[in-house]
1. Kindly indicate whether residue 66 is modelled with pLDDT of 90 or more, surrounded by 12 or more Cβ atoms within 10 Å (Cβ to Cβ), under 20 Å from residue 139 (Cβ atoms) and touching a strand residue (DSSP E or B) at 6+ places or on another chain (Cβ under 6 Å).
2. Right, residue 38: modelled with pLDDT under 85 and under 22 Å from residue 136 (Cα atoms) or not?
3. Just one of (1) over 24 Å from residue 147 (Cβ atoms); (2) in a loop (DSSP other than H, G, I, E, B); (3) in contact (Cβ under 8 Å) with a residue 40 or more places away in the chain trips up residue 43, so point out which.
4. Go through (1) surrounded by 14 or more Cβ atoms within 10 Å (Cβ to Cβ); (2) in a helix (DSSP H, G or I); (3) modelled with pLDDT under 95 and name the single condition residue 91 misses.
5. Among 72, 55, 86, which is the only one that is closer than 19 Å to residue 140 by Cα, modelled with pLDDT of 85 or more and loosely packed, with under 14 Cβ neighbours inside 10 Å?
6. Which one of 77, 105, 96 is assigned to a loop (DSSP other than H, G, I, E, B), at pLDDT 90 or above and crowded, with 17+ Cβ neighbours inside 10 Å?
């Protein structure tokens, strides 16, 4: 059984680079898949962070978030969920919520399949990030970036 460090090293060795990702081309530098085992969030990594609820931003919960880019001294990311939204995809889309399967990873101790929400970008402040969880495969990260761009 390989160690977490060995698995992360394999995942963090880029094979391809996704297309640049920015909210506004003139406001931020392009993001590329760039995980590093350094304790700091990087594009392509899944971290745990406080995510406010949409209907009441004064409340929220700690959840896994896929880091997309560094921005304004923090990061921008997409939240993950272990709930299966495939069963209610039409209902979710009616409310403007779009999800994509990303499989299992080290961010979930029970190794449950996860989905990433494509339409809600979460600003992450440095103090809100609790820990690194894992990194997505570079090709999967590129697919998530493309799908998220389609739901802007």
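The values are calculated or read from the model by the stated rules, or taken from the named source; none is laboratory data. Computed from a prediction, not measured in an experiment: that's the story for all the values here. Here Cβ is always computed from backbone atoms with ideal geometry, including for glycine, and neighbour counts include all displayed protein chains.
1. yes
2. yes
3. (1)
4. That leaves (1) as the condition not met.
5. None of the other options fit; the residue is 86.
6. On inspection, the qualifying residue turns out to be 105.
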